[in-house]
Amino acid sequence: MCGIVGYVGGRDAVEILLNGLKRMEYRGYDSAGLATLRAGKLAQVKNTGKVQALADRVFREWSEEFREGMHIGIAHTRWATHGAPTDANAHPHLDKAGKIALVHNGIIENYAGLRKMLEAKGHVFLSETDSEVLAQLIGALYQGDLLQAVSAALLQVEGTFGIAVLDEAHPELLVAARRGSPLLIGLGEGESIIASDAAAVVSHTRNVIYLDDDDIAEVRAGTADIRNLHNVPVNRAVSHLDWDSGAAEKGGYEHFMLKEIFEQPDAMRNCLRGRLDDTLHTSVLTGLGLEPRDMAAIQRIVLVACGTSLHAAMVGKYFIEELAGIPVETEQAAEFRYRNPILGPHDLVLAISQSGETADTLAAVREAKCKGTLVAGMCNVVASTIARETGCGIYLHAGPEIGVASTKAFTCQVTALFLLALKLGRGRRLSRQQGAGLVATAKALPELVAATLKLNDKVAAVAETLASCRDCFYIGRGILHPVALEGALKIKEISYIHAEGYHAAELKHGPIALLEAAVPVVALAADVPGKDKMVSNIQECRARGAPVIAVVSEGDEATLTSLRPIVQAIIELPKAPLHAVPVLCVVALQLLAYHAARLRGCPIDQPRNLAKSVTVE
Ligand code: M6R
């Protein structure tokens with residue numbers, strides 16, 4: 001995810017900016033850059049690759065003497081969204097005159113229209129980014145007052161931003177603003193640091209101001225004057241940071257996994273942003289590059305993936321088959337190429353991979369392309385190998401996932417698959433009214449996930465039942481069967497408890513022999529078709545003495561009444577529309593796995609024997 005640092009004060013700006021970028025490296029990025037003022041003129045360096053590569057270049061190209069007097073600047077690490085990771089797309093971006101520099105986190109949704117408008121006025125763009133459009137818009141509106149120009153530009157943009165702006169004409173001033181993308185200002189002795197992440201600030205000062213949405217600030221050495229975009233002063237309290245820098249990287253959470261679990265409402269908002277059409281009641285998936293006619297011609301979909309991404313695919317199969325009536329196969333990517341799959345001209349192969357680098361999924365993409373099939377990708381990492389080789393697809397925009405256990409990528413994959421099902425469904429059998437209902441479900445998802453996260457303390461208490469066991473089962477039916485598989489995968493990879501994910505009906509065809517008092521069962525009885533049968537399956541488990549943790553939907557009194565007397569614990573999910581239930585369920589299971597692993601003292605973010613990205617067969 002992109003990171004911003006800005007500095008104004010009496011010290012060496014370049015050193016502070018580079019250190020700030022290094023502190024944010026954990027977030028993941030693909031390019032980095034900085035801009036500063038030298039003798040009243042803008043100087044900047046930016047390139048793809050690591051912050052160290054940027055630092056090496058800065059120190060090579062700018063001698064100590066050259067760097068003297070550089071006491072103000074802005075810097076950025078970029079995680080590509082619009083345009084590939086290239087030197088040109090890296091930040092900072094400049095206005096037309098090359099006198100104003102900007103770094104930007106977030107997404108400017110109406111950038112295409114703004115770009116056209118500026119091009120018509122003679123602006124030439126050097127990058128493919130939405131951020132450069134904002135830089136040039138600020139320049140176009142500039143009449144000597146930087147704050148005014150930035151406010152005027154921000155009033156024209158739709159989307160999200162955290163920005164820091166530097167202007168040759170104001171060598172003592174930075175302008176910072178935010179909407180939907182975090183930004184804070186650290187106030188030190190005679191110096192100020194703007195950052196998107198407390199990790200870049202804590203080693204300099206603990207006194208910080210968090211900007212609110214639509215705040216804009218004039219930041220000078222040691223001071224910040226904050227207004228709204230209409231130039232009305234606003235008061236923001238100075239908070240005291242009591243994190244050390246390690247904790248700051250994790251946003252105050254004990255582990256990246258927990259941070260990423262809690263980031264899910266925001267990750268899903270980013271995944272949904274600009275993708276819902278309230279006029280046609282459908283979704284907008286421009287990255288697929290398919291016209292409605294191409295969509296209508298698809299007769300079969302094959303979803304290929306590994307691990308957690310495969311479980312997301314299995315949920316997606318339910319969505320697409322139900323909403324669009326198109327047959328879907330899910331396929332373990334490692335098998336795909338070896339079994340010589342039968343593919344036709346009306347098939348779509350969709351490769352789902354958070355990293356976009358998984359060797360087996362990539363091999364499946366190559367095999368499908370070789371057979372002349374339409375192949376698309378669903379990746380989180382922009383310009384990853386699968387994203388490049390498929391050339392079209394749906395980005396998750398979940399932000400970098402650092403914890404080895406995939407969490408926010410899964411919920412965003414399911415969200416994106418829901419959008420795909422909606423798109424395909426509206427092109428076929430869904431009415432406007434049905435489309436409108438599904439759009440409403442998609443919009444409600446982030447808040448429903450936020451409500452589920454409020455169960456954290458309750459789930460932590462329930463996790464004690466699991467933490468001491470050696471073996472356990474996760475069971476589900478229908479759309480919750482893949483969720484049971486994902487819950488079991490999550491707990492085994494981070495807590496090392498042996499967990500089996502099973503279809504609840506399959507249990508009695510063998511594994512039920514293993515059930516006893518020491519083998520708990522996590523039973524997914526939330527409100528989806530098949531939940532009544534789950535109650536019988538739970539009774540079968542209880543009859544063998546297995547303790548049961550049941551996941552149920554709030555307000556489902558019939559199920560709650562049957563289960564309360566027989567199960568050991570109940571996790572009650574917020575009441576939600578059918579298609580949201582698998583997502584809420586998995587969030588509860590992520591927390592369950594996390595707390596079981598924490599209670600067992602496991603190295604949660606880096607479990608033994610596992611890598612974040614599996615690039616070998
Ligand atoms: O990057 P990908 O989505 O292709 O990765 C696939 C699996 O390796 C991954 O989902 C793995 O199962 C996770 N560690 C599970 O949490």
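Between rounded, prolate and oblate, where does the range 3-242 land on the alpha carbon gyration tensor, with a ≥ b ≥ c its root eigenvalues, rounded for a/c under 1.5, else prolate if a/b exceeds b/c? Mind dumping the intermediate values first?
On the way: a/c = 1.37, a/b = 1.09, b/c = 1.26.
Rounded.
Got a sec to turn the phi values of the range 114-131 into Karplus ³J(HN,Hα) couplings, 6.51 cos²θ - 1.76 cosθ + 1.60 with θ = phi - 60°, whole Hz, x for Gly and Pro?
Along the range 114-131, the couplings run 5, 5, 4, 4, 6, 4, 4, 9, x, 6, 10, 9, 9, 9, 9, 8, 6, 5 Hz.
Pairing rule first: another cysteine's C-beta must sit under 4.7 Å. Under that rule, which cysteines of the chain stay single?
Lacking a cysteine Cβ partner under 4.7 Å: Cys2, Cys306, Cys370, Cys379, Cys392, Cys469, Cys472, Cys541, Cys585, Cys602.
Looking at Ala596, Ile538, Asn207, which one has the Cα that reaches farthest to the positive end of the dipole of the chain (charges on Cβ: Lys, Arg +1; Asp, Glu -1)?
The residue sitting most towards the positive pole is Ile538.
Under a cut-off of 22 Å between alpha-carbon atoms, report the lysines in cross-link reach of Lys443, not counting same-chain residues fewer than 8 places apart.
Of all the lysines, those that pass the test against Lys443 - Cα under 22 Å, at least 8 places apart if same chain - are Lys317, Lys408, Lys423, Lys454, Lys575.
Suppose only helical runs count, i.e. DSSP H with n ≥ 4. What mean residue ellipticity at 222 nm does that imply for the chain under -39500 (n - 2.57) per run, divided by all residues and rounded to the nearest 500 deg cm²/dmol?
After summing the helix terms and dividing by residue count, I get -11500 deg cm²/dmol.
Under a Cβ-only charge scheme (Lys and Arg +1, Asp and Glu -1), can you give me the dipole magnitude of the range 244-378 about the Cα centre, in debye to the nearest 20?
The calculated dipole for the range 244-378 is roughly 420 debye.
Rounded to the nearest 5, what % of the DSSP beta bridges within the chain are antiparallel ones? Before the final figure, lay out each step's value.
Values: 63 of 101 bridges.
Bridges in the chain that DSSP calls antiparallel: roughly 60 percent.
Which cross-chain or sequence-distant (5 or more) residues have an amide H under 5 Å from the amide H of Arg179, H modelled 1.01 Å from N in plane?
Phe161, Gly162, Asp214
With θ set to phi - 60° and the Karplus curve 6.51 cos²θ - 1.76 cosθ + 1.60, what are the ³J(HN,Hα) couplings of the range 530-546 in order, to the nearest whole Hz, using x for Gly and Pro?
x, 5, 5, 5, 4, 4, 5, 4, 5, 4, 4, 5, 5, 4, 9, x, 6
Convex hull over the Cα atoms of the range 456-599, averaged projected area in nm²?
Values: hull surface 28.6 nm².
About 7.1 nm², averaged over all directions.
Label points 7 Å out from Cα along the Cβ direction at Ala440 and Glu109: separation in nm?
2.0 nm
Please say if the range 256-452 is rounded, prolate or oblate, where rounded means a/c under 1.5 for a ≥ b ≥ c the square roots of the C-alpha gyration tensor eigenvalues, and otherwise the choice is prolate for a/b larger than b/c and oblate otherwise?
oblate
For a test of the definition: using alpha carbon positions, the gyration tensor, and the 1.5 limit on a/c, classify the chain as rounded, prolate or oblate.
The shape class here is prolate.
Just to confirm my numbers, what's the Cα centroid distance between the range 41-112 and the range 21-40 in Å?
7 Å
Would you work out the charge dipole size for the range 456-599 about its Cα centre, treating the Cβ of every Lys and Arg as +1 and the Cβ of every Asp and Glu as -1, and quote it to the nearest 20 debye?
Value, rounded to 20: 140 debye.
Send over a whole-number figure in Å² for the accessible area per residue of the chain, probe 1.4 Å. Provide the component values of the computation, followed by the final result.
Working: 23120 Å² over 617 residues.
Heavy-atom accessible area per residue stands at 37 Å².
For the range 460-533 and the range 149-188, what is the centre-to-centre distance using only Cα atoms, to the nearest Å?
A separation of 49 Å, based on Cα centres.
Packing-wise, with mean Cβ within 10 Å as the measure, how do 504-514, 67-77, 340-350, 379-389 rank, highest first?
Order by mean packing, descending: 67-77, 379-389, 340-350, 504-514.
For the range 313-387 and the range 576-617, what is the separation of their Cα centres, given in Å?
Measuring centre to centre over Cα atoms gives 23 Å.
Positive end of the dipole of the range 256-452, charges at C-beta (+1 Lys, Arg; -1 Asp, Glu), about the Cα centre: which of Ala359, Gly307, Pro292 has its Cα farthest in that direction?
About the Cα centre, the residue reaching furthest to the positive side is Pro292.
Let me know the charge dipole size of the chain about its Cα centre in debye, to the nearest 20, where only the beta-carbon of Lys, Arg (+1) and Asp, Glu (-1) is charged. Don't skip to the end; give the middle numbers.
Values: 61 positive and 70 negative charges, 245 e Å.
My answer is approximately 1180 debye.
What list of ³J(HN,Hα) couplings, whole Hz, do you get for the range 366-383 from phi and the Karplus terms 6.51, -1.76, 1.60, once you set θ to phi - 60° and write x for glycine and proline?
The phi angles translate into 5, 5, 5, 5, 5, 8, x, 8, 5, 10, 10, x, 10, 10, 9, 7, 5, 6 Hz.
May I ask you to compute the full-extension gain from Ser468 to Asp145, defined as 0.36 nm times their residue separation minus their alpha-carbon distance, rounded to one decimal in nm? Could the numbers behind the result be given before it?
Numbers: separation 323, 0.36 × 323 = 116.28 nm, distance 6.36 nm.
Stretched fully, the Ser468-Asp145 segment lengthens by 109.9 nm.
Mind checking which of Ala421, Leu94, Val614 is farthest towards the positive end of the chain's charge dipole, using Cβ charges of +1 (Lys, Arg) and -1 (Asp, Glu) about the Cα centre?
Ala421
Using a Cα-Cα cut-off of under 22 Å, which lysines could be cross-linked to Lys41, ignoring same-chain neighbours fewer than 8 residues away?
Lys96, Lys99
The values are calculated or read from the model by the stated rules, or taken from the named source; none is laboratory data. If you're wondering where the values come from, they're calculated on a predicted model, not measured in any experiment. Glycine gets a Cβ as well: all are built from the backbone with ideal geometry, and neighbour counts include every protein chain shown. Surface areas here come from the heavy atoms of the whole protein model, side chains and all, with no ligands, DNA or RNA. Shrake-Rupley method; radii C 1.70, N 1.55, O 1.52, S 1.80 Å.
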